[in-house]
1. Looking at the P(r) of segment B:422-513, how many percent of alpha-carbon pairs lie beyond 21 Å?
2. Calculate the translational D of segment B:372-436 in whole µm² s⁻¹ from Stokes-Einstein, where the hydrodynamic radius comes from the Kirkwood formula applied to all Cα pairs, the temperature is 4 °C and the viscosity 1.567 mPa s.
3. In whole Hz and in residue order, list the ³J(HN,Hα) couplings for segment A:75-87 that follow from phi through the Karplus curve 6.51 cos²θ - 1.76 cosθ + 1.60, θ = phi - 60°; x for Gly and Pro.
4. Would you kindly calculate the mean projected area, averaged across all directions, of the convex hull enclosing the Cα atoms of the protein assembly as shown, in square nanometres?
5. For chain B, what does -39500 (n - 2.57) per DSSP helix run (n ≥ 4), summed and divided by total residues, give at 222 nm, in deg cm²/dmol to the nearest 500?
6. Could you tell me the largest-minus-smallest coordinate of the C-alpha atoms of segment A:85-151 on each of the three principal axes, in descending order and whole angstroms?
7. Spelling out what I want: for every residue of segment A:112-117, take phi, set θ = phi - 60°, compute 6.51 cos²θ - 1.76 cosθ + 1.60 (Karplus), and round to whole Hz; glycine and proline get x.
8. Would you kindly calculate the translational diffusion coefficient of segment B:298-531, applying Stokes-Einstein with the Kirkwood radius from alpha carbon pairs, for 25 °C and a viscosity of 0.890 mPa s, and quote it in µm² s⁻¹ without decimals?
Amino acid sequence: MLQITDYSKSYGGDKKAADHVTLSVNKGDIYGFIGHNGAGKSTTIRAVVGVLDFEEGEIFIDGHSVKDEPMACKEVTAYIPDNPDLYENLTGIQYLNFVADVFKISAAEREERIRKYAQAFEITGALGDLISSYSHGMKQKVAIISALIHEPKLMVLDEPFVGLDPKATFQLKEIMHEMCEKGSAIFFSTHVLDVAEKLCNKVAIIRQGRIVASGTIEEITEGHSLEETFLEAENE
Amino acid sequence: MNKTVLLLRTLLLSTSSVNLLKHSKDKKKKRRVILAYVGLFCLYGMLVGYSFAICLGYSVYGLTDSIPALCAVTISALAMIFTFFKVNGYLLNFKEYDMIMSLPFQPSTVAGCKFLYMYIKSLPWYLSISISMLAGYGVFAKPPVGTCIIWLILSLFIPVIPSLFASLLGFIIAKLSVGFKHKKAMQTILSLIFVLFCFSLRYIIEAFFRNGKIRETLESMSGSIKQAGKIYPPIQWFSETIVDGKISGGLLLAGVSILLFSLVFFYVGRSYRKINSALQSHRAKSDYRMTRQKSRSVIHAIVFKEFKRMTGSVVYMTNGAIGVIMAVLLGVITLIIGFNKVIAIVTNGAPVDGKMLQPAIPFVVYFLVGMMSTPAFTPSLEGKNYWIVRSLPIKKETLYRGKMLFNLYLTVPVMIFSVLCLCISAKVPRTETILDVILGIMLCCFSTAWGCACGVKHMRLDWENEVEVIKQGAAVALYMLPNMLVVMALVVLVVFLGLRMDRRVLSLIFIGITALLSLLSYLRVMALAKKE
């Protein structure tokens, strides 16, 4: 579903924010992308979703090149950034309708999906309020619903659990599993190693822009905890 | 370091491109900043040339002594308008409010620094006028060097009082608005009323003096300016200091400016926290029930988003909608009092034949409607939200088409309405009226596409305050100033040509030229969208 090959990105200086990153996310995978602050997680994620241009390497989503066929990639992808800056002057429901219009979701389908996910995240009552009045967690919930509204084949999330309450965190994990069972793939970055260990079937560890380990949880940890493996990889 | 200086320095640094030039490693960004500076200096140059030319005109007619007063009037008017448009967004309701107010600063210090920040940011505009007028005055009046130095020093004080007045008024409007349920709408309406009042001030003053039977004094521009000095003493203080060498006037100007600054910010500081808190608080009903949803096409979804962006921002509304509101008012007033009466008011009773001005009707309306083109700043307004449209399957071409369509929805109906009002009142024949309406629509298309071309070419997403792109953006400046000057020239040209050739042919020629320019601008937008 997602194939990153030799992807590199620098911001003008000599140092590369992402350095020959190669990884592959298949249908049904919940793929965790872990690394410390500034390791290159967001740089990679932003390139995957077509927000950031890049010079070197190739990224394919569902067989389409992000560089050459960005629209085809975006049609099947959903992205939730680490800090959901949404349109503050729209109400929650207006924003969700905006995204649904962009993906040409019929009125009946969007209604059903918004109803389902808004109830799951307990945000239905607030959908008529302006986004500017929302807390960080509420914005995050609206961003998640907007990502689910078109049933993406690939969902890319940057630190999705930051700011969510425990119940919403649980709901998001359930939705992630549900999506993967239906054949979608999930690629997300996180700092929370416990979550990654329990939720993901595959992980990649990135350090100073380079992938230092990747594969299934079992392959990477070799019987240790993910935390120990991560710290070991960091100290190498 | 003094806290005020520290805060002011940080505020200036945080929005300064110089910092970006110094520390950014991104060459593309640096090049953009340099180009923006080049563009800005070109605009300063245009203003300098324009101001100097006015001084020459005054001197040729022996009105050199009126130049200092003219300089003070121009700077004061500009300072009042500039500041008033920026109050909401800089002085009040600004993004970093929580961060700054959580630091150990007095509310009055924060408010004072924000004011000084607005003042310093606009100072190059004021100085461009002042220095060029000083040069114009110097050539003909040959004042001693000391007078020139005093002129320059006092130029720094001239904008202070009108800026303080505009700040205080913006503050009072905000204070009144917070008591209302729809405080943003209330603030927008009150702001628009004030701006309209400013634009019609000249006529109000004239009407006031006409009643006093001193119309003779106002028959020349010089007389009007001197009269302005009587209503607003700082103009007289400045003029007296320069022309008559009365130092007391200069001291009075500096002293009163400093005193008023202290008084205003003592007053503002007292309820600064309360008003900002009220402006930033949001009413949340939390009682939404899922109802039937409607679907729209992608382009109309963007149009709707743009509409909500406009209605959600006082700065956007007051800047983006002022031209169309004035055009509607012009249409209605013309219908009520008649075309010839409107011309008499605008031209100060000059013996102008109304029929002669008929071919200029679409350009006159366009002067107001095209005052601002929303796509000149809406690409930049995406700011931190840009990730949304970039990560969604929206082609950039579609995004900009949506932004342009919104501007057309805003301007075309108003253009048609006002042109029809003016044509009906002026008794323009039917065919000419139709041609005028078509020309008006074409002008709207041009304004939209040209505005969008400027907006995309000079898009700036890393702003901290929307005022930076709506009021101070390079794109807006590049759209607005040449556009206004060209329209003024076109009004003269069309009247001149209208006397020499068939009116219908003239309209058709202008329709053709405008359509071509619109198409070229549109193609430019599409090319820029592909390149971006």
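1. Numbers: 1905 of 4186 pairs.
So the pairs more than 21 Å apart make up 46 percent of the total in segment B:422-513.
2. Details: Rh = 14.3 Å.
So the translational diffusion coefficient is about 91 µm²/s.
3. 4, 10, 10, 10, 10, 10, x, 5, 10, x, 7, 9, 6
4. Details: hull surface 148.1 nm².
Result: a mean projected hull area of 37.0 nm².
5. On the way: 26 runs with 409 residues, N = 532.
Value at 222 nm, helices only, nearest 500: -25500 deg cm²/dmol.
6. Largest first, segment A:85-151 extends 28, 22, 17 Å along its Cα principal axes.
7. Calculated HN-Hα couplings, in order: 5, 5, 4, 4, 4, 6 Hz.
8. Values: Rh = 18.3 Å.
In µm²/s, the coefficient rounds to 134.
Taken together, the values in this text are just the output of simple stated rules run on the coordinates, not laboratory data. Predicted model, so just to flag it, every value in this text is computed and none were measured. Don't worry about glycine lacking a Cβ; one is built from the backbone with ideal geometry, like all the others, and counts go over all protein chains shown.
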